[in-house]
Structures are given as structure tokens and as C-alpha cells.
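Novice: If you scroll down you'll find the structure; I have some questions about it.
The values are calculated or read from the model by the stated rules, or taken from the named source; none is laboratory data. Bear in mind the structure is a predicted one, so any value in this text is a computation, not a measurement. Neighbour counts run over all protein chains shown; Cβ positions are idealised from the backbone, glycine included.
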Amino acid sequence: MSGLCVVRGGGDLATGVVWRLRRIGVPVVVTELAHPRAIRRTVALSTAVDNGSVVVEGLEAVHAVTTDDIAGIAATGRIPVVVDPDLTQVRAASPISTVVDARLAKHVGDTSIDMADLVVALGPGFTAGRDCHAVIETQRGHRLGRVIWEGSAIANTGRPAPIDGHGEDRVLRAAVEGTVSWSCSIGDVVSSGTELGVISTPDQINPITAPFTGVVRGAIADGFHVWTGLKIADIDPRCEPSACWEISDKALAIGGGVVEAVMARRAP
């Protein structure tokens, strides 16, 4: 296969995929929303859309605006991150050999098996052989990162995996629709009950508080307009601030599965 590998989505799990792919020399372009929803922004290539560029564990990503930007940035070994939902700009810049749907949308959406020579999807909602060529298991456990060539990943449980006894409570979700404003930063160690920020509505200001003592592992971009139920922050009870700038074990395991799928398709 020749041509670019397109990773749809630039969140923390997608970044683990891109990091693994670049380690074996695969040229990658990332497509994102105009307003990325990533929580772990310190380890998400999508941050380049808001900040112009970002470096994650030595991997540099740059916001690409034009078709020429995509080709030019990719030629330097950096990662172009482009707001291009339908892949129009990417296709104009270079042939596409591989598509990885790393958006974790839990449903097929606009990804199909005929989009490229190899189409890989992360997590539940896809069936290998019908919607894509391969599915990568994203559920924590002994199957995490495995490549599925026939069938589907484990169904979404809707519950975050427990860490040090904390599961659903470590993920903060918007209680109301409004605009979020943070008084904390990713990497801060906070105590139970600490006000982390607020969600402002036309009628009131709603505080966001820490559910337990831990480190702010992730927080949606300041000023983001959120809606009720949207994931907006992640508190890690392990209180290891340095880990906020490291790609997670889960992301690397999933990335390893994508690399396996790419190498298997390359094999004669």
C-alpha cells in the first residue's frame, strides 16, 4: 500500500494510534472537528486545531488549513491536523491507502469499507467484513488492542473502567448546557469538593467540583459550549501529575493493534 493513512479523530486514543504508526514510518494525517471535544488535551493531537501546533511525546502535529499545507507538513515528518470531515482536502492532497476511524462514536456513521484499501475502526459499533476490514478492541481487559477480522468489539458498557476504586465518578459531565470556564489546569492536584470551574448559562452560574482528591487528568477546552451530559473533565485518583503528559497504556495498546492490522495487510 502507498499513500497517506488518515486517522479520523485526534483525541488521546487516536494519538496513541498515530504515535505507533509514525514509529514504523507510516505517513499520517489527522482529521478533526472545528471545535475538538478532547478531554486529555495535553496528549491529544486535536489540540493543534485550537493552538496551531502541539507536541506529544516528541510527536509534533500542526494545524493544516489548505491542501498544500497537508502535503507540506506531512513531507517534514510532522502530523497535519485538518478540519476536513468528508476527507475532500485530504484526497486532493494525496492518495489514501488506509483509514482509521478513531472517533469512538460507537456507531458506523460515515465510515465504510470501500473508503480505502484498508479501513480500521476502533471499538464497538462496527462489524469487521461489513463496515470495515478490521476492528480493534478498546475495552480494558485481556482482549484490549486485539485485531478482529470477523465480527465486532465488545459492546459499549457506558461505564468508565475503575481506577483505584473510582469508576463513573472520575468522569465529570456537564450538568447543564452552557459555556465552561476553568479555574484549574490539567495536571493540578485537587481535593474533594474543590471548585474546578463553572458552567455559565444566561440565568445562572453552575459550579463544577472535584468528586474526590486526585489530579485533573483532562478538561475540555476553556470557553467550550457544552450540553447536558457531555464529558467535560477527568479526575485521576492516582495523583501522578506527570502522567497527564504521557500517552496512556490503553492508547498504546490500541495503537499496537492498528499497527498489526496495517502490517498484516502489507504482508505478501
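Novice: Can you name every residue in segment 93-110 that is assigned to a loop (DSSP other than H, G, I, E, B), of a type outside the set (Lys, Arg) and at pLDDT 95 or above?
Specialist: Answer for segment 93-110, where residues must be assigned to a loop (DSSP other than H, G, I, E, B), of a type outside the set (Lys, Arg) and at pLDDT 95 or above: just 102.
Novice: Another one. Taking the stated definitions as given, is residue 111 closer than 30 Å to residue 67 by Cβ, surrounded by 14 or more Cβ atoms within 10 Å (Cβ to Cβ), hydroxyl-bearing (Ser, Thr, Tyr) and not assigned by TED's automatic domain parsing to the domain that holds residue 230?
Specialist: yes
Novice: Restricting attention to segment 245-261, which residues are out of contact with any strand residue (DSSP E or B) (no Cβ under 6 Å at 6 or more places or on another chain), more than 15 Å from residue 14 (Cβ to Cβ) and assigned to a helix (DSSP H, G or I)?
Specialist: 245, 249, listed by residue number.
Novice: Follow-up question, since we're still on this one. Confirm whether residue 183 is closer than 28 Å to residue 48 by Cβ, surrounded by fewer than 17 Cβ atoms within 10 Å (Cβ to Cβ), out of contact with any strand residue (DSSP E or B) (no Cβ under 9 Å at 6 or more places or on another chain) and among the hydroxyl-bearing types (Ser, Thr, Tyr).
Specialist: Criteria not met by residue 183.
Novice: Scan segment 96-108 for residues that are closer than 27 Å to residue 230 by Cα and either in contact with an Asp or Glu (Cβ under 7 Å, 6 or more places away or on another chain) or surrounded by fewer than 21 Cβ atoms within 10 Å (Cβ to Cβ) (or both) and jot them down.
Specialist: 104, 105, 106, 107, 108
Novice: Can you report the number of residues in segment 134-144 which are buried (at least 21 other Cβ atoms within 10 Å of the Cβ) and of a type outside the set (Val, Ile, Thr)?
Specialist: 2
Novice: Can I ask one more? Run down 130, 217, 140 and say which single residue is part of a loop (DSSP other than H, G, I, E, B), closer than 23 Å to residue 104 by Cβ and at pLDDT 95 or above.
Specialist: Step by step, each of 130, 217, 140 is checked, and only 130 is part of a loop (DSSP other than H, G, I, E, B), closer than 23 Å to residue 104 by Cβ and at pLDDT 95 or above.
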